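Engineer: Quick one: this structure, given as structure tokens, is what I'll be asking you about.
Read-outs throughout are calculated quantities, based only on the coordinates presented, and are distinct from any laboratory measurement. Everything quoted here is computed from the prediction, not taken from an experiment. Reconstructed Cβ throughout: ideal geometry from the backbone, glycine too, with neighbour counts over all protein chains shown.
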Amino acid sequence: MSHTEKKEFIFNIDTLGACNLRCPSCPQGNVETRNPQGFMAPELLEKIIKKAKSECKVVNFELFNWTEPLLHPKMPEMVKMVRSHDIKCDLSSNLNKLPDPDKIMAANPFRFRISLSGFTQEVYGRTHRAGNIEVVKENMVKLAEAKKRTGATTLVHVFFHRYKHNLREEPLMREFSEKLGFQFLACWAAMMPVEKVADYAEGKLAAEDKEVVDLLLLPLDKALAVGRGEALEKPCLIQTEKIALDFKGNVVLCCGIYDSNRFKIGNYLDMPIEKIQELRMAHNMCGQCAKHGIFPYITTGGKAFDDLALANVPSDEDMKVLRKELDRNKVRKTLEKVSRKIFTMEQSAYLGKKFDQVRQLLGK
């Protein structure tokens with residue numbers, strides 16, 4: 001098989017088994033059964049990279065899924081290892097911990113995402129449980145300074161999770177982020193993981209989950225109804241284009257699944273990728289996921305989901321703030337879409353950053 005014929009895959013790899021937060025829309029905060037705890041050895045990651053390169057076209061390695069990558073004591077080394085194979089390496093962090101920003105930036109990950117849901121502690125703490133937004137903001141400043149000191153080319157972006165209660169804080173966090181030179185993105189918050197959403201679709205909702213479900217701008221029942229329609233028209237790209245591993249190198253059914261014991265496919269090093277995909281495609285949970293419209297819901301992309309979220313904005317004042325943010329994002333996305341046809345991803349991101357800077361100067 002020639003290189004051009006190899007299937008493309010993104011790898012989601014949890015290099016450890018823990019997170020420092022207990023967010024209520026995430027399995028780290030809403031699932032009682034804990035996944036195994038431990039750290040991936042760099043030597044194991046090296047073997048995974050070499051096997052991946054031999055049997056598929058690797059788009060990138062995302063060294064995160066359900067856990068906090070900066071808790072791994074050798075994360076800078078692991079990022080460098082991925083980059084040494086000429087593979088893009090992404091990180092996503094809640095940024096409540098930042099052990100050594102210079103080492104992380106010197107490792108030069110391709111992208112670094114900061115995931116959050118507010119600007120003040122009162123708002124942020126409801127949906128990023130056990131986190132401290134003031135610590136996050138301090139660490140954002142440290143990360144920006146480290147990026148300058150090290151000359152890193154990392155694309156840093158802040159990923160704001162929209163809920164009913166935090167819409168008025170989005171422009172505050174956007175302004176703070178852009179002043180640091182970070183890109184700002186936002187999404188409709190979703191309930192996770194897949195197995196919990198499947199339970200909800202079958203009439204089971206734990207009492208402790210009701211509070212966060214009520215905060216979602218995408219009402220779970222209506223969002224799944226939208227998802228069921230979309231699942232009939234398009235394939236699950238999570239299934240066909242992404243492979244998720246735990247810190248032991250075990251393949252988990254998909255990146256939307258949390259329970260690695262219940263949904264383990266096998267060890268990645270022991271199975272050819274064709275066999276892995278065969279077993280994944282035949283798994284009964286995938287049929288259940290599609291039946292309930294879950295995979296379109298957890299990606300929450302598209303006009304139907306946008307319209308549903310907008311219909312559930314709690315007040316006119318919230319809508320006014322949100323509309324302004326959506327208009328900004330629309331212009332930016334159009335610029336990026338056009339620029340990607342002409343420039344590389346890095347050049348497009350640079351243009352996006354310059355757009356943000358010009359907008360700030362104009363006070364728009």
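Engineer: Between residue 202 and residue 149, take the C-beta separation as r, use R0 = 41 Å, and let me know the FRET efficiency to the nearest 0.05.
Structural biologist: It comes out at approximately 0.20.
Engineer: How do 238, 10 rank when sorted from fewest to most other Cβ atoms within 10 Å of their own Cβ?
Structural biologist: Least crowded to most crowded, the residues run 10, 238.
Engineer: Here's something else I'd like to know. Which are the unpartnered cysteines of the chain, meaning those with no other cysteine Cβ under 4.7 Å from their Cβ?
Structural biologist: Here 19, 56, 89, 187, 236, 254, 255, 286, 289 come out as lacking a disulfide-compatible partner, given the Cβ-Cβ threshold of under 4.7 Å.
Engineer: Quick one: grab Rg to one decimal and Dmax as a whole number for the stretch 157-284, Cα atoms only, in Å.
Structural biologist: When restricted to Cα atoms, the stretch 157-284 yields Rg and Dmax of 17.9, 50 Å.
Engineer: Can you tell me the relative contact order of the stretch 240-316? Whole percent, Cα pairs under 8 Å, sequence separation 6 or more.
Structural biologist: This gives 18 percent for the stretch 240-316.
Engineer: While we're looking at this one, here's another question. To make sure I understand, if each residue's beta carbon is the centre and we count other beta carbons within 10 Å, what order do 159, 61 fall in, fewest to most?
Structural biologist: Ranking 159, 61 by Cβ neighbours within 10 Å, fewest first, gives 159, 61.
Engineer: With 10 angstrom as the radius, rank 120, 299 by how many other C-beta atoms surround their C-beta, starting from the fewest.
Structural biologist: Going from sparsest to densest Cβ surroundings: 120, 299.
Engineer: Considering just Cα atoms, how many Å³ per residue does the convex hull of the stretch 3-300 enclose?
Structural biologist: 127 Å³
Engineer: Counting alpha carbon pairs within less than 8 Å and at least 6 residues apart, what relative contact order, in whole percent, applies to the stretch 3-300?
Structural biologist: It rounds to 20 percent for the stretch 3-300.
Engineer: For a quick check: with amide H placed at 1.01 Å from N, whose amide H comes under 5 Å from residue 250's, ignoring anything fewer than 5 positions away on the same chain?
Structural biologist: Sorted by chain and number, the residues that satisfy this are 268.
Engineer: Related question: In the stretch 151-231, which trypsin sites (Lys or Arg not before Pro) fall in coil by DSSP and have 12 or fewer other Cβ atoms within 10 Å?
Structural biologist: Passing sites in the stretch 151-231 are 204.
Engineer: Can you list which of the GluC sites (Glu not before Pro) found in the stretch 64-151 are DSSP loop residues with at most 11 other C-beta atoms within 10 Å?
Structural biologist: none
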